[in-house]
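First up is the structure itself, then whatever we jot down about it.
We did not get these values from a lab; they are worked out from the coordinates using the rules stated. Please read these numbers as outputs of a predicted model, since none were measured by experiment. Cβ coordinates were reconstructed from backbone atoms using ideal geometry, including for glycine residues, and neighbour counts include every protein chain displayed.
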Amino acid sequence: MTAPERYGESVLSPEWHGERERLVAMAEVADATTIRILQDLGLGPDWDCLEVGAGAGTIAAWLAGQVPDGSVLATDIDTRWLRAIGVPALHVTEHDIVLDPLPESAFDLVHARFVLEHLPERDAVLAKLCRSLRPGGLLVIESIASFPIASGGTPAFRDAMHAIESTLAATIGTDARWPRTFPAPLLAHGLTGVSASVHVPATGGRNASARCWSHTLAQLRPRILEHMPRARPAVDEALRLLDRPEFFELAFATAVCWGRKPTSP
Ligand SMILES: C[S@@+](CC[C@H](N)C(=O)[O-])C[C@H]1O[C@@H](n2cnc3c(N)ncnc32)[C@H](O)[C@@H]1O
């Protein structure tokens with residue numbers, strides 16, 4: 001499977017002036033749920049962990065505090081924000097999860113949030129992540145899922161969110177419907193103890209979710225208008241709505257799935 005371009009080349013580029021604020025707002029929305037799920041699943045103090053596509057690094061830094069006798073490897077195609085973190089157990093490396101090799105049977109935990117849905121090669125990446133787990137190791141995947149958008153009662157906002165979905169699909173090959181199938185992809189890769197959950201934050205009141213989607217719309221606006229010129233009024237109205245304290249809607253959900261590598265083949 002291919003796409004005309006890759007994540008970060010132009011679409012969702014780290015060079016965009018607001019990209020760090022976008023990632024920080026994203027982390028503010030998602031970190032509490034991620035941390036609760038990882039705590040419920042249970043982490044060992046000596047675990048070796050891999051955080052794939054670590055972005056601003058909030059979860060990698062938190063993980064490093066949970067494994068005082070282990071390690072955390074945070075990877076990304078662009079590590080500019082990760083390099084500044086400076087936590088002892090945290091190792092940062094520039095790494096493309098599609099193109100670069102990954103050590104096999106090396107990690108007790110592999111976590112990737114908001115990464116695989118953007119990669120057309122997601123199934124091969126999933127296989128690679130499974131191979132990188134030690135027997136008994138835990139894989140946790142989180143992705144944006146578009147299914148709540150259709151239920152929205154604000155047409156301009158609904159259309160703008162669909163324009164994001166459609167533009168990401170047409171440019172970098174994002175599939176925001178794939179996460180609706182969770183946890184089937186983990187079952188297909190032979191993991192055990194598999195399950196899933198879905199979280200839908202309210203987007204509005206200028207909260208972190210509103211700021212995150214406002215940044216995402218602003219960054220994607222030129223590409224949306226190229227791809228779907230008729231979406232201009234909806235995009236501009238959604239940007240205005242997201243700045244209003246009384247506006248609330250549902251945007252994308254976060255779908256999470258997890259499972260363990262069998263201890264015997
Ligand atoms: C939407 S951001 C999510 C950041 C972070 N995981 C979070 O949830 O806060 C996606 C991240 O994946 C990274 N990424 C995209 N393609 C990648 C690839 N092929 N290999 C590794 N990282 C990638 C991006 O650079 C970006 O930091």
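Quick look at the numbers
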| read-out | value |
| --- | --- |
| Student exercise, the chain dipole from Lys, Arg, Asp, Glu Cβ charges, in Debye to nearest 20 | 500 |
| Likely footprinting exposure, 62, 258, fewest C-beta neighbours within 10 Å first | 62, 258 |
| The stretch 97-194, relative contact order [Cα under 8 Å, separation at least 6], % | 31 |
| Space enclosed by the convex hull of the alpha-carbon atoms of the stretch 105-225, per residue, Å³ | 116 |
| Kirkwood hydrodynamic radius of the stretch 96-156, from inverse mean 1/r over distinct Cα pairs, in Å | 13.2 |
| Paramagnetic label zone (point 7 Å from Cα along Cα-to-C-beta, residue 127; backbone N under 14 Å) in the stretch 1-29 | 1 |
| Cα-based convex hull, the stretch 1-116, per residue volume (Å³, whole number) | 114 |
| Per-selection Rg to Rh, the stretch 19-260 - Cα, Kirkwood hydrodynamic radius | 0.97 |
| Per-residue HN-Hα couplings for the stretch 192-202 [Karplus 6.51, -1.76, 1.60; θ = phi - 60°; Hz; x = Gly/Pro] | 10, x, 7, 7, 7, 8, 10, 10, 10, x, 5 |
| Residue-span extension gain [residue 13 to residue 147] - 0.36 nm each, minus C-alpha spacing | 45.7 nm |
| Sequence-distant residues sharing a close amide H with residue 55 (under 5 Å, placed H) | none |
| Contour excess over end-to-end distance, with Cα ends at residue 87 and residue 197 and 0.36 nm allotted per residue | 36.6 nm |
| Ranked packing of 101-107, 112-118, 87-93, 198-204, most packed first, by mean Cβ within 10 Å | 112-118, 198-204, 87-93, 101-107 |
| Rel. contact order, % - alpha carbon contacts under 8 angstrom, at least six apart, the stretch 19-260 | 21 |
| Neighbour-count ranking [beta-carbon atoms within 10 angstrom, fewest first] of 214, 166 | 166, 214 |
| Quotient of C-alpha Rg and 2.2 N^0.38 Å, computed over the stretch 177-265 | 1.50 |
| Length gained when the stretch residue 39-residue 100 is fully extended (0.36 nm per residue, less Cα-Cα span) | 19.0 nm |
| 222 nm mean residue ellipticity, helices alone, for the chain (DSSP H n ≥ 4; -39,500 (n - 2.57); rounded to 500) | -11500 deg cm²/dmol |
| Sorted by Cβ density within 10 Å, fewest first, the residues 96, 108, 46 | 46, 96, 108 |
| The stretch 46-161: relative contact order as a whole-number percent, Cα under 8 Å and 6+ apart | 24 |
